[in-house]
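Read-outs throughout are calculated quantities, based only on the coordinates presented, and are distinct from any laboratory measurement. Keep in mind it's a predicted model, so treat the numbers as computed, not measured. Virtual Cβ from ideal backbone geometry, glycine too; neighbours counted across all protein chains shown.
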Amino acid sequence: MKKNLIAVAIISAFAANTAMADVAVGPFSVYGVAQSAIENVNISFAAGRSTDNTTDTSKTSQTRLMDQTSKLGFKIAHDLGDGMTGLAQVESRFYLGNGGNNTQDKAEVGSRNTFVGLASNNFGTVRLGRYDNAYKQSLKAAAPFLYNNINDASAEYGDKQILNRLGARQGDMVAYESPKVSGFQAQVSYNMGKDNDYGLGAADYSLACATTKTCGTPAIPNVVAQMPGTLMPQTALSLAYANGPVTFAYGYTTISNAAWQLDASSSSKAAYNTTAGASFGLSAQEIGAQYTIGEYSFGGVFETTSSNMGGVSTAKNFDQTQRTYALIGAYKSGQHEFHLRYALADSVSGTTKTDTGATQYSLMYAYDLNKSVKFVSSYTSVVNQANAKFTSASAFAVDTGATMTQVAIGLAASF
C-alpha cells in the first residue's frame, strides 16, 4: 500500500499544473527545477599574449545549449513525536543541454544533496550522506541574492570561480545545523576526506603514487595524489544571523594533510606531499552581509584563502594568501528581477609571480511568466590577468590570461 501511495505521488507530481511546487502526499514529497539556456561564449586575450585556444576546440568561442542545474528530488519527513522528525532525501541532477562534458548526457541519481537525518525542535538537525559543507552554506546565509543566481552558469562561486572555492557538496559528510535562536544559527560539517568536490577528486584517494606530472591509469595530470591510507578531511563551520531585512554570516574551513599552491592554480587543487616531515596548512574564511530595503537589496562578501607547505625543500616550500571580494545590487518588483554583480580576486601574495587575479562582471534579468515558470537572461565577463584562469560556474575551460564573455537566454520551471 505504501509503495502504491509513493507511485501515485510521483505520477501526480508530474501530471500536476506547474504552479504546484513541492508536491506532497503524507510524509513524501517531490520537487525539482528544469532550467536550460542558449549560451554564447566568446574567448579573447589581452595584447601581447602569444597563445590562444585554437589548439583545443573545447576552449574556442562557441554557442551551446547549457543546462542551468536542473534537478529532481524526493524527500520524506516522518513525525517521530516529542518534536523529533526522521528525514531522508534523494536529490539528483539531470541535464537539459550539454556544455561539452560527457556526464551531461545522463542523469546522476543522488548526485546532489542526498542524506538521512534526524531533526529536533530543541537540539537541531543532523544529516549523514552527501551534503553542502558549512563553508558553502555560509555564503548562502550571508548574501542570499548572490548565492541564488538568476542564471546558475554565471555564478561567481565554486572550485574554479573567484569565490568560495573550498565550499563544496561532499559525499561522506556529517553535518549539524542548530536551531535558530533570536535570528542566530550555527552549522558545522565534517567531511571524512574520501570524497571531495573542490579539486581533490575522489579518484585520487586510491592511487599509490605521488608525482606532479601524471598519476594512475588513465593518467591524471597535474595532481599530487595522496598515498593510500592518507586522507584529507575537511572541517567547516558557519555562524549566521537573519532578522527581517538583514542577513549576516561568517564561515571558516580547514583541510587536514593538504596544501594548495595558490599561484600555480586558480582552481582549487589541494595535494598531499609524501616527504617525511612535511607540514601543511590550507584554510579559508569569509564574512558577508545583505540588506534589503523595499524592492532593493545590497550585499557583499570578503574572503581570504591561505595555504602553506614546509619541510620539503626551499624551492617547493610556500606560504601564500589570496583575497577575494564580491558585491551585488538586486531589484525585485512584481514579475521583474535584476542583478548587478561584481567579483574580484587579488593577485596571490607570498610569491614572486604576479598577475594571478581576475575580475567578473554580471548583469542578470528574470521575468516571472507565472509562479513556477520564468524567463532568464544574463551577461557575464570574466577577465583574467596574465597568470590566472578563472571561469564562471559554466565551467567553460579557458587558457591562462583569457577573457571570457558569456551571454545566456533561457527558461526555468520549478515544481
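Convert each backbone phi in region 73-79 into a coupling constant with the Karplus relation 6.51 cos²θ - 1.76 cosθ + 1.60 (shift: θ = phi - 60°), then list the ³J(HN,Hα) values in order as whole Hz, x for Gly and Pro.
Here the 3J(HN,Hα) series is x, 10, 9, 10, 10, 9, 6 Hz.
Short version: ³J(HN,Hα) in whole Hz for each residue of region 113-128, in order, from phi by Karplus 6.51 cos²θ - 1.76 cosθ + 1.60 (θ = phi - 60°), x for Gly and Pro, what are they?
4, 9, 7, 10, x, 9, 10, 10, 4, 9, 10, x, 10, 10, 10, 10
What are the equivalent ellipsoid semi-axes of region 330-415, built from the alpha-carbon gyration tensor (square roots of five times its eigenvalues), in whole angstrom, biggest first?
33, 13, 9
Net charge around Gln360, counting only other residues with Cβ within less than 11 Å of its Cβ (Lys, Arg = +1; Asp, Glu = -1)?
Taking every other residue near Gln360 into account, the sum is 0.
So how do 70-80, 129-139 stack up, highest first, on mean other-Cβ count within 10 Å?
129-139, 70-80
Once you've got the Cα coordinates, tell me which of Lys140/Lys374; Lys75/Lys136; Lys71/Lys269; Lys269/Lys316; Lys140/Lys269 are over 20 Å apart.
Lys140/Lys374; Lys75/Lys136; Lys71/Lys269; Lys140/Lys269
How far, in nm, would the chain grow between Tyr291 and Val126 when pulled straight, counting 0.36 nm per residue and subtracting the alpha carbon separation?
Numbers: separation 165, 0.36 × 165 = 59.40 nm, distance 2.97 nm.
Taking Tyr291 through Val126 to full extension adds about 56.4 nm, to one decimal.
Please compute the length gained on full extension between Asp368 and Phe302, using 0.36 nm multiplied by the number of residues separating them and subtracting their Cα-Cα distance.
Working: separation 66, 0.36 × 66 = 23.76 nm, distance 3.13 nm.
Result for the pair: 20.6 nm of gain on full extension.
Let's test the formula: R0 of 45 Å, r as the Cβ-Cβ distance of Ser61 and Leu118. What FRET efficiency results, to the nearest 0.05?
0.35
When you count, for each residue, the other Cβ atoms within 10 Å and take the mean per peptide, how do 305-318, 377-390 rank with the highest first?
The densest-packed peptide leads the list: 377-390, 305-318.
Can you compute 3J(HN,Hα) from phi for each residue in region 405-415, using the Karplus curve 6.51 cos²θ - 1.76 cosθ + 1.60 with θ = phi - 60°, rounded to whole Hz and x for Gly and Pro?
Rounded to whole hertz, the list is 10, 10, 10, 9, 9, x, 10, 9, 10, 10, 8.
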